Structure formats: C-alpha cells, structure tokens
1. Using the Karplus curve 6.51 cos²θ - 1.76 cosθ + 1.60 with θ = phi - 60°, work out ³J(HN,Hα) for each residue of region 66-73 in order, rounded to whole Hz, and write x for Gly and Pro.
2. Report the gain in length on full extension from E257 to V327: 0.36 nm times residue separation, minus Cα-Cα distance, nm rounded to one decimal.
3. Give a residue-ordered list of calculated ³J(HN,Hα) values for region 295-304 (Karplus: 6.51 cos²θ - 1.76 cosθ + 1.60, θ = phi - 60°; whole Hz; x for Gly, Pro).
4. What's the extension gain from A179 to E148 if we count 0.36 nm per residue and subtract their Cα-Cα distance?
5. Using a basic spin-label model with each label point 7 Å from the Cα along Cα→Cβ, how many nm lie between R304 and E191?
6. So how far apart, in nm, are the two label points at E232 and L61 if each is 7 Å from Cα heading toward Cβ?
7. If each residue of separation counts as 0.36 nm, what is the full-extension length gain between E167 and A121 once their alpha-carbon separation is subtracted?
8. So the label point goes 7 Å from the Cα of K395 along Cα→C-beta, right? Which residues of region 200-234 then have their backbone N under 11 Å from it?
Amino acid sequence: MTDEQALTAPPVGERVAEMDPIDRRDFLRVAGVGAGAILATGCATATPAVAPARGIAPARLSRGSGHIVVIGGGAWGGWTSLNLRRRGARVTLIEAYGPGNSKASSGDETRGIRSSYGDRATAGELWTSWARTALQRWSDFDDEYAQEFRTRFFHRTGDVICREKEEPFVTRTLELWKANGVPHEVIDGAEVMKRWPAIDARDIGIAITEPDAGVVRARAATQAVAAIAQREGVQLVISRARPGPVVNGEMQGVVLEDGTIVRGDSYVFTCGPWLRKLFPAHLENRMRIPLGYVCYFGVPEGDRHFTFPNMPSYNFPGVTGWPALPVDLKGFRVRGAIAPPRPPGATDEAQQAAARASDASTIDLAQTDPDTSSRWMNQTRVDGSRRFVQARFPKLAEAPLVETRACHYESSINRDFIIDHLPEVSNAWVAGVGQAEGFKFGPVVGDYIAQRVLGHAGDPALVKAFQFPTAEYEVPKEPGDDNEA
C-alpha cells in the first residue's frame, strides 16, 4: 500500500481527513517536550546499536513496509512505533491524551528497572532475560539522548531485596540470576546497615542485591521516545480512537473522535488499561486494572542518605521504592504499606473480614474506568506508607508528604503479557497487560511487537507465552492495590 492509499475514500457519510506531517514547533509541543528538552537538531539520528534480546531478530532481518496504525502512545506504544519505523514501516501513532499523560500507566515520574522475578512461576525465566536486556538498552538510551534532551533518564541506583529469612521468591530469583549471569550479591542485615546506614535492617536475615539495577524517569522518557519517533517519521495524532468494523476477518480502520477514519495495513492496540474498554467481549473477564498508589516523602535538608546515588532502590515484603532523584527531587518514593496494629483480642480472620468490609463499602464503579477514576490517595493509605517509613527509615518518620501519585496497572489471569492477534481479526493486534511491570520492558517489548506485526513470528515459545488467554476469572473483582515490585 502506498502513502497515498493509506487513507482511502470512505462510503458516503463518513469523514476522512488527510493528516499532514507536523512542523518542528508542533512536534515539540504535541510530544510534550518542554523548553529544557528541546532536540539539538532537526536532522534524523542514526539508529543506535542495541543489545540483542532473546527471540528478537535484528531489524535488518525483519524489515517491512506498509502503513501500521498504533493506538495508544504510552511506553509500549511509543517504543513499538519507533521500532516499526526503524524496521521500515510507515507509522501513525494515535494517543488520546498525549504521551506520558497523568491518566496513563506510564505517567508517573519514575519506574524501577530490575530483573528479580523469582515470584513468576512461568514468566520468570523470560522476564529475567528481557529485563537484563532492557537494563542495557535504557543505559544506551541515556547515553544516546540524555545530552540532547538536557536531562538524564536512567539512574543506576542498584537494588536491594530484604527479607527476614530466605523464601521461595529469593531462592528462585537467585537461581534465575545465576542462570543468566546476573551480577549480584547475597548479604545480611548487618551489611545492609553498614552500606546504607539510613535503613533499619536489624531483623533482616538475608538480602540480595542487583548492583546495576536502576530507576528511569518514566514520564520524561515516554515523552522523549514519542518525540524521537516523530523526528524519525512517525506521525502523532492526539485523539481518542475506536476500532472500525471488521469485514471478512479484517479491521477496516479506526475512527477518531471527530469522525476521521484512519486506515492502515495493520492496527496495533497498545492502550494499557483502556484495552478492556475497547474489547470488552475479549478482555473484560480476563483482565483487571487495579490502581496502585505511591507516596513521595520530603528528604531532610542537608541529609544525602535518601538521595541518589547514596541509596539503592529497595524491596521489603509488600513495599518497594527508591531514593529521591535529581534534578527535581520529587521525594523519597514509597509504594505499599504496613498494616495497622491488630486491635486487642482480634483474630486474623476478624481483621481480614473487617478489611474486606471496608473495601466493599468504598468500591466505586467509576474507579474501574481509567477515564473517570479518581487518583486521590486517602489518609489510610498514606498512614500505611508512613508506618513503613517509620519502621525501615526512622530518620524519615516525621518527613512531610510532598506528593502522591496513582495509576492503573493491568493484570491478566495468566500473569503474562498479551501480544497476539485480536481474536478472529487477521490485521489487528493487541499488545499490553503489562502486569505492573510493563514499563521497564519498553525498549525490548516494542522491538518484539514490531517484529511480530511485520510478519516475523520468531521463537515459537514466545508466541505461545503471549497468546490471548482463554481462561476467565470466575468472579470479576473490583480493582484493589496490587504491589509493583
């Protein structure tokens, strides 16, 4: 299909608008790139070399042509669009609110980049391998573009996982690290406190570290990827889109909110939590979109223990986080909480029943919709995070709460990604359900999606792993607060 044929004449009554390439000023504005992140040149940048990833063929071996329409401009959509373009396709990227917007799963300030997946029974082996490749690609991305955007995206903080005693998650993570040659250490609580005196680890019997893990500035990186993709020829359209009709097993375009029909050879839906709204028949009972909540606590004036590079990202049971990062110092990040003390005489069963009753009384159906959900963090959640800080980082016990964040994550019944054809539609793909881990995989998974869409299936084991799940949840459950590790 030629460029001129990409938007074809519709039947009478439909509206089609040609979308011309945007100029440089609009490119920077629409991409969400501020004055401090202006690209140094308008010329195309040579595609940097990338670390090889399991099951992904180099771009030169799986190039394609035609017009690919990507719907959803978050982390996966941006990286998919960029990789499709670098593999030779013409690409239109459609995003409802703009890359890195506040409603998106990739709209928070930061995301952790590490490879500890001993809790993933089936996906752990692949995820460990891909996460290691992603770490290298994030580092390469920073080397390639940080100076150009006048900001740093990737911060190599290291990561420490602390437990009172060895448990299956730790044991399996160590097995996967050894099998993949991941640099790591096994230490105890005394060594944790020696290296990072601000952590109270007196009861910690085992800690495992991944020294080259890190944290990425998520919103800035998502916007930067979209900007780079545009510079390399991807056309960004800010609009809501819905699937067009399916005729003889092929989708006949997507419809924008003003009635414009955008037609392509293939369509890739990378819409995160919106996937369930777009395809309820296929995903409503196979996918959930829990809200995750984050607190940022202010760090003490003049005390550098809680800022990069003097503190690693950390993982305690039910809680993850990392130090305040330059240059904006949003604060010390905490995701998760410690439950309140048990009332005198209360049993485990009684406490759990009270928690369920409390949750049931506050369920709001609007919170299951990423367009209408409120991202307000109530005092109960803040108090739980503060209890954690008081227990593990006592110098922050009275630290001011400077910001909270909330976003939807996606989980599926098989706890793995979906990268597969929309059932019974040969030219439409669904790519998403990141399991609260998807952002870190962006540079790798976008490459893989591009390869698949352009007709290169690659490793049959990966094809099978990412198939549309056939099982369904027995009873739909309203979103709760899953933990991002």
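1. Once θ is set to phi - 60°, the couplings for region 66-73 become x, 10, 10, 9, 9, 10, x, x Hz.
2. 21.4 nm
3. These are the phi-based 3J(HN,Hα) values: 10, 10, 9, x, 8, x, 4, x, 9, 8 Hz.
4. Difference between extended and current length: 7.5 nm.
5. 2.5 nm
6. Here the modelled spin labels are 1.9 nm apart.
7. Working: separation 46, 0.36 × 46 = 16.56 nm, distance 1.42 nm.
Here the answer is 15.1 nm.
8. So the set is 200.
Since every read-out is calculated from the coordinates, none of them should be taken as a lab result. These numbers come from a predicted model, not from an experiment. Positions of Cβ are backbone-derived with ideal geometry, glycine not excepted, and every protein chain shown enters the neighbour counts.
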